[in-house]
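The values are calculated or read from the model by the stated rules, or taken from the named source; none is laboratory data. Given the structure is predicted, the values throughout are model-derived calculations rather than measurements. Glycine also receives a Cβ, built like all others from the backbone with ideal geometry; neighbour counts cover every protein chain displayed.
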Amino acid sequence: MIWKRFYTIGNNQPPVFTGKAFSAKRGFSLIEVIVSVALFSMIILSATEIFKLVIDSQRSALASQNVQESLKYFLEVTGKEIRMAQVNQGTCPLVQTNKVYTVSAGPLGDNLSFKNYYGQCVTYSVVADGDNQRFQITRGGVSDLISPAKIKVDALHFLLNDVSSEQPTVTVNLKAHSLNTDKFQSDITIQTSITSRYYKN
């Protein structure tokens, strides 16, 4: 605020103001304020979107890793046992006599039955667990779920190639996804072939 000097005219006259009461400093216009707020909002929204993309990418990677680890564990557990299967001599009712493997249809996928290295009757299948579907191994009449509850097995198929002149081969085809939101389900399909390495006629 700038004040100018007052001058008096006569004895009974009021003082006369000869200057400006306020300085002529220039402020922000309404348009400048609106543009500034808009730019600031765009920067904040862009930063938030980038942060959200990073978080979503991390969640997708973790979901995919969980499914891969679960399927890897299943293949490790089953692969060795399938390779070491023996010819059934009538001891396992679900396996054809003088055969190594028998594939049958189940309600949620194929079942693979065989006699393992220790002489136990084994069946691999997919069973319902509430709203979920999980891998199940049955050995000697005792069943165990071997896939985690957070992973849903969508399909399990066994393709058997049992030519008498060759060792039988089982091709495993399975599909699973994590039980997260639809955005982070991370569907994975794996196919592998396993050949019997140990059996006696």
Give region 100-115 a look and list any residue that's surrounded by 18 or more Cβ atoms within 10 Å (Cβ to Cβ), out of contact with any Cys (no Cβ under 9 Å at 6 or more places or on another chain) and not hydrophobic (A, V, I, L, M, F, W, C), or say none.
Tyr101, Gly109, Asp110, Asn111
For the list (1) surrounded by 10 or more Cβ atoms within 10 Å (Cβ to Cβ); (2) of a type in the set (A, V, I, L, M, F, W, C); (3) at pLDDT 75 or above; (4) more than 30 Å from Ser196 (Cβ to Cβ), I need the number of the one condition that Phe6 fails.
(3)
Residue satisfying condition, being within 25 Å of Leu179 (Cα to Cα), of a type in the set (Phe, Trp, Tyr) and part of a strand (DSSP E or B), within set Phe158, Phe114
Phe158
Those residues of region 137-165 which are more than 15 Å from Val103 (Cα to Cα) and of a type in the set (S, T, N, Q) amount to Ser143, Ser147, Ser164, Ser165
Of the conditions (1) modelled with pLDDT under 85; (2) under 27 Å from the mean Cα position of the chain (by Cα); (3) over 14 Å from Phe74 (Cα atoms), Gly130 satisfies every one except a single condition; which number is it?
(1)
Given the criterion touching a helix residue (DSSP H, G or I) at 6+ places or on another chain (Cβ under 7 Å) and surrounded by 21 or more Cβ atoms within 10 Å (Cβ to Cβ), identify the matching residue among Ile151, Ile146, Ile82.
Ile151
Have a look at Ala63, Ala149 and point out the one that is touching a strand residue (DSSP E or B) at 6+ places or on another chain (Cβ under 7 Å), at pLDDT below 90 and not in a helix (DSSP H, G or I).
Ala149
Yes or no: region 117-124 includes at least one residue that is aromatic (Phe, Trp, Tyr) and surrounded by fewer than 16 Cβ atoms within 10 Å (Cβ to Cβ).
yes
Considering only residues of region 166-201 that are crowded, with 16+ Cβ neighbours inside 10 Å and more than 33 Å from the chain's Cα centre (by Cα), which is modelled with the highest pLDDT?
Pro168
Quick check on region 129-146. Is at least one of its residues on the phi > 0 side of the Ramachandran plot and touching a Ser or Thr at 6+ places or on another chain (Cβ under 9 Å)?
no
Taking Val163, is it at pLDDT 90 or above and out of contact with any helix residue (DSSP H, G or I) (no Cβ under 8 Å at 6 or more places or on another chain)?
no
Residue pairs, Cβ under 7 Å, 6 or more apart or interchain, first in region 63-77 and within 11 Å of Lys150 (Cβ to Cβ), second assigned to a helix (DSSP H, G or I). List them.
Ala63/Phe184
